[in-house]
1. Direction-averaged shadow area of the convex hull around the Cα atoms of segment 247-290, nm²?
2. Report the label-to-label distance for Glu274 and Arg287 in nanometres (one decimal), using points 7 Å from each Cα along the Cα→Cβ vector.
3. Mind putting a number on the dipole of segment 305-427 about its Cα centre? Charges go on the C-beta only, +1 for Lys and Arg and -1 for Asp and Glu, and I need it in Debye to the nearest 20.
4. So what does the Cα-only Debye profile of segment 239-378 read at q = 0.09, 0.10, 0.15, 0.22 Å⁻¹, as log10 I(q)/I(0), no solvent term?
5. Send over the semi-axes of the chain's equivalent ellipsoid, whole angstrom and largest first, taken as the square roots of 5 times the C-alpha gyration tensor eigenvalues.
6. Using only Cα atoms, what is the ratio of the radius of gyration of segment 220-321 to 2.2 N^0.38 Å?
7. Over the Cα atoms of segment 86-194, each weighted equally, I'd like the Debye log10 I(q)/I(0) at q = 0.11, 0.14 Å⁻¹, rounded to two decimals.
8. Hey, can you rank 143-152, 244-253 by average C-beta count inside 10 Å, highest first?
Amino acid sequence: MKLSRRQVLLATGATVLPVSLFGATTQVTLQPRPTVAKIGQHRLEMLGFNGSVPGPEIRLRQNEKLNVQVENGLDDGTLVHWHGIRLPNAMDGVNVLTQDPIAPGDVFNYRFSVPDAGTYWYHSHYLSYDQVSRGLFGPLIVEESVPPDVDRDITVMLFNVLLDVSGNFDDEFRPEHFATAGRLGGVVTAFVSENEVLLGDRVRLRLINPSLDRVYSVSISGVSGFLVAYDGMPFARPEPLSTLVLAPGQRADVIADVTHKIAILETSGALVIEMAQIAVSGQRKKRSRAIPALPANAHPRLGAIKHKAKLVMQGGGGGKSHSGTATWAFNNQSGLPSKPLISASKGDTVQIKLVNDTSFAHGIHMHGHHFWEVSEQGERTYFRDTTLVEAGDTRDIICVLDNPGAWLLHCHMLSHQADGMATWLRVR
Ligand code: C2O
Ligand code: CU
């Protein structure tokens, strides 16, 4: 039998290209299973989708349909969540709120279309602090109907792993990881989808942070260009590229011209870590056209605020006491409360005040919607699905809840989520 290009690509864990009969549906099979992964110089026993870490890149056009058959090859249950995609609630992949875990050996089909162009990702959402740290994540790329004029479109996933004393994947999840900044591995790396460019190439870099708990402060050398989107959502005006902070779950798109070999650097500690390099193999004439903004995605306009809620983050090492039953809590409750933080009617505009009353940063993620971050001066800044709130800080977010269902709102430092930081919103 001759394998189709897609089957070959699936077998090698490379990019999955759309096989669209009439430009309509992309069919993908994802099989989570134990996998030996190559992380930097190490070969580690982890978990992967289709035998690779990260999982295969799923790529389709805006408004197309995606049909993913998940075949659970693990000894444990699993679920897949499509981070940042506005989809029907039943396809969101969340235990308790939207579906039961897919049992070992079972199959589940996720079917939805992708209304927004941009950079997204998928990951396990069952025992996610464990399954994501072991490798169950991958990129989900939605191309604009008319993609920007670039020579290369490169995906960059920032990741780290914790090794034990013998250099294997550290299986132990210790209490101190859950109560502090999380499980921060010493092997810090970036998976890049291409390792060569030409001098003068215009490149789009799609940075994704699928790491369990680590916030990266990324700088990119060897390019000159602009930051054009956060969390899939284009800026009205591209911003000059400087150091970029990416919390777990967050993404950033950069469009830039190659001036030198590219290095992706992590600069938050005292030490600069080179996470990845992209070599230069030749030269082309540099484009003279300016780097344009990406076309906006269509989202509902904000209305008058119908509901206001406050979400106080509590607990953790050195934190004040709270009445939740685990290490962390939101509003004195650890884990999913029986009542949602907000119960809204479809189309209501809501405001949530995120108050970080702990000694650690938290990256708060809302499912099924993007929201506006509001500055201290009351101005709307970025339209995102995950926002980083530093220790002691407060941030308002406002959002139109227009997608019916039960939506999780949680800390995307997945160790914190596992140890209490989760709530939900109801939209009818
Ligand atoms: Cu990236 Cu609740 O997920
Ligand atoms: Cu947190």
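1. Quarter of the Cα hull surface area: 4.7 nm².
2. Inter-label distance under the simple model: 2.8 nm.
3. Charge dipole of segment 305-427: 400 debye, to the nearest 20.
4. -0.50, -0.60, -1.05, -1.48
5. 30, 25, 24
6. In units of the 2.2 N^0.38 Å rule of thumb, it is 1.51.
7. Computed log10 I(q)/I(0) values: -0.52, -0.81.
8. Numbers: 143-152: 14.3, 244-253: 23.5.
For the peptides 143-152, 244-253, the packing ranking is 244-253, 143-152.
The values are calculated or read from the model by the stated rules, or taken from the named source; none is laboratory data. Model, not experiment: these values are computed from the prediction. All Cβ positions, even for glycine, are placed from backbone atoms using ideal geometry, and neighbour counts span all protein chains on display. Just the protein is used for accessible areas: all its heavy atoms, side chains included, with ligands, DNA and RNA removed. Shrake-Rupley method; radii C 1.70, N 1.55, O 1.52, S 1.80 Å.
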